[in-house]
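One structure is given below, encoded as structure tokens.
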Amino acid sequence: MARYRERRVRLSSSSPTFDVFPLLALPMIYYNIVVFTWTGTDPVQVNAWLASHAFQLTMFSGAVWSMTQADVIVAAAMGLLFIEILKSVGSPMLSLVNHGIAVMTLLVYVVEFISFPGFTTSVFFMLALMQLIDVIAGYTITIVSARHLNR
């Protein structure tokens with residue numbers, strides 16, 4: 001039983017910057033760049049950009065599968081959310097800093113969503129929701145793993 005208590009799982013990279021940086025800020029940064037530089041904050045232009053095709057693939061069956069810009073952004077954000085949840089198991093000190101920055105990122109999501117017309121889209125809401133899940137899951141995983149390691 002003593003060996004079991006000595007085992008500690010630490011998932012961390014060699015870069016503290018990667019461990020601290022909230023990856024779900026990347027889709028927000030991309031969305032901000034496109035909205036503020038290319039489409040403006042006009043909701044009609046933003047929705048047209050989100051509905052535009054990102055790519056198309058022809059399947060073996062002959063059917064064409066296409067993804068819109070919105071699909072690509074949400075799919076990429078889901079992958080980043082998975083990585084963020086894995087990072088929550090890392091070093092407790094770096095995780096706490098990451099969680100604090102993640103809360104600030106969530107606040108930016110919320111402020112942009114309620115303040116700018118170009119950000120009031122379902123895609124941006126889903127990104128904000130993923131950030132909220134990251135914040136809640138991060139704190140929960142950190143607390144549970146800290147309790148487990150102290151037993």
Report whether or not ALA102 is aliphatic (A, V, I, L, M) and within 22 Å of the chain's Cα centre (by Cα). yes
On the given criteria, is VAL110 farther than 29 Å from TRP38 by Cα, free of Cβ contacts under 8 Å to residues at least 40 places away in the same chain and of a type outside the set (Lys, Arg)? no
Failed criterion for SER95 (all others in (1) surrounded by 14 or more Cβ atoms within 10 Å (Cβ to Cβ); (2) modelled with pLDDT of 85 or more hold): (2)
Can you run down the residue pairs with Cβ atoms below 7 Å, 6 or more apart or on separate chains, where the first is in region 53-75 and small (Gly, Ala, Ser) and the partner is surrounded by fewer than 10 Cβ atoms within 10 Å (Cβ to Cβ)? SER66/GLN56
Given (1) free of Cβ contacts under 8 Å to residues at least 24 places away in the same chain; (2) more than 23 Å from the chain's Cα centre (by Cα), number of the condition ASP42 does not satisfy: (1)
Region 103-151: number of residues that are part of a helix (DSSP H, G or I), hydroxyl-bearing (Ser, Thr, Tyr) and out of contact with any Leu (no Cβ under 8 Å at 6 or more places or on another chain): 5
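Rundown of residues vs (1) of a type outside the set (Lys, Arg); (2) under 20 Å from PHE21 (Cα atoms); (3) in contact with a strand residue (DSSP E or B) (Cβ under 6 Å, 6 or more places away or on another chain), yes/no style:
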residue	(1), (2), (3)
GLN45	yes, no, no
TRP49	yes, no, no
VAL74	yes, yes, no
LYS87	no, yes, no
LEU96	yes, yes, no
ALA102	yes, yes, no
ALA128	yes, yes, no
ILE136	yes, yes, no
ALA146	yes, no, no
Residues ALA48, ALA77: which one is under 14 Å from GLY118 (Cβ atoms), surrounded by 11 or more Cβ atoms within 10 Å (Cβ to Cβ) and not charged (D, E, K, R)? ALA48
How about region 13-88: which helices (runs of 4 or more DSSP H) wholly inside it have at least 2 residues that are closer than 27 Å to ALA137 by Cβ? 16-20, 25-33, 69-87
Among the candidates LEU127, LEU132, which residue alone is over 17 Å from LYS87 (Cα atoms), aliphatic (A, V, I, L, M) and either surrounded by 12 or more Cβ atoms within 10 Å (Cβ to Cβ) or in contact (Cβ under 8 Å) with a residue 60 or more places away in the chain (or both)? LEU127
Is at least one residue of region 116-128 more than 18 Å from ALA77 (Cβ to Cβ) and among the polar types (S, T, N, Q)? no
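Okay, residues lined up against (1) at pLDDT below 95; (2) out of contact with any helix residue (DSSP H, G or I) (no Cβ under 7 Å at 6 or more places or on another chain); (3) within 21 Å of LEU96 (Cβ to Cβ):
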| position | (1), (2), (3) |
| --- | --- |
| SER13 | yes, no, yes |
| THR17 | yes, yes, yes |
| ASN32 | no, yes, no |
| SER52 | no, no, no |
| THR58 | no, yes, no |
| ALA63 | no, yes, no |
| THR68 | no, no, no |
| VAL72 | no, yes, no |
Can you give me the number of residues within region 75-123 that are in contact with a Phe, Trp or Tyr (Cβ under 7 Å, 6 or more places away or on another chain) and among the polar types (S, T, N, Q)? 1
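The values are calculated or read from the model by the stated rules, or taken from the named source; none is laboratory data. Remember, it's a predicted structure, so these values are computed and weren't measured experimentally. Heads up, the Cβs are rebuilt from the backbone with ideal geometry, glycines too, and the neighbour counts pull from every protein chain shown.
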